[in-house]
Amino acid sequence: MKLLVLNGPNLNFLGIREPAIYGSGTYEDLCTLIRAHARKLGVEVEIFQSNHEGDLVDAIQNAFYQKVDGIVFNPAAYTHTSVAILDAVKAVGIPTIEVHISNVAAREEFRQKSFVRAACRKTIAGKGFQGYLEAMDELVHPRGKA
Ligand code: DQA
């Protein structure tokens, strides 16, 4: 089984950006946790981050050609703006879980809208880095559609 963990804009700045909201762990720390969890689950994982919307669309399309079985996706700010990203996830038909480090439901009004959610199996928010690991668990051992 092969998973893709995809992160959108500014998530490479974890540990630097707004630590009161996103914590003090760095992007490298997050990648280390994800790789260790993939080993534990016995799955292959590819990790990709981009600050550019089109690069994220390309990564989703490439996942189709690479026969990726599941995507853990934090589109960051593009969550709230991007129809292109929604369309890409719909196009590939790969089971995808939306992840947010912060509890977006308790934040600004403009963060309440998620375009990508309509194409995702589930949303996990407000659980910090742990949310990525839960999403991996869910893709490997699905517990039914949320
Ligand atoms: C985020 C929440 C988004 O609203 C924000 O734009 C981000 C990160 C999160 O992980 O909590 O960049 O997706």
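A short reminder: the numbers here are calculations on the coordinates, not readings from a lab. Remember, it's a predicted structure, so these values are computed and weren't measured experimentally. Here Cβ is always computed from backbone atoms with ideal geometry, including for glycine, and neighbour counts include all displayed protein chains.
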Order by protection proxy (mean Cβ within 10 Å, highest first), peptides 104-117, 69-82
69-82, 104-117
With only Lys, Arg, Asp and Glu charged, each at its Cβ (+1 for the first two, -1 for the last two), find how big the charge dipole of the chain is about the Cα centre; round to the nearest 20 debye.
460 debye
Out of Asn7, Phe48, Thr96, whose Cα points farthest toward the positive end of the dipole of the chain (charges: +1 Lys, Arg; -1 Asp, Glu; placed on Cβ)?
Thr96
If you count, for each residue, the other Cβ atoms within 10 Å and average over each peptide, how do 128-136, 34-42 line up from highest to lowest?
128-136, 34-42
GluC sites (Glu not before Pro) within the stretch 37-98, DSSP loop, no more than 15 other Cβ atoms inside 10 Å:
none
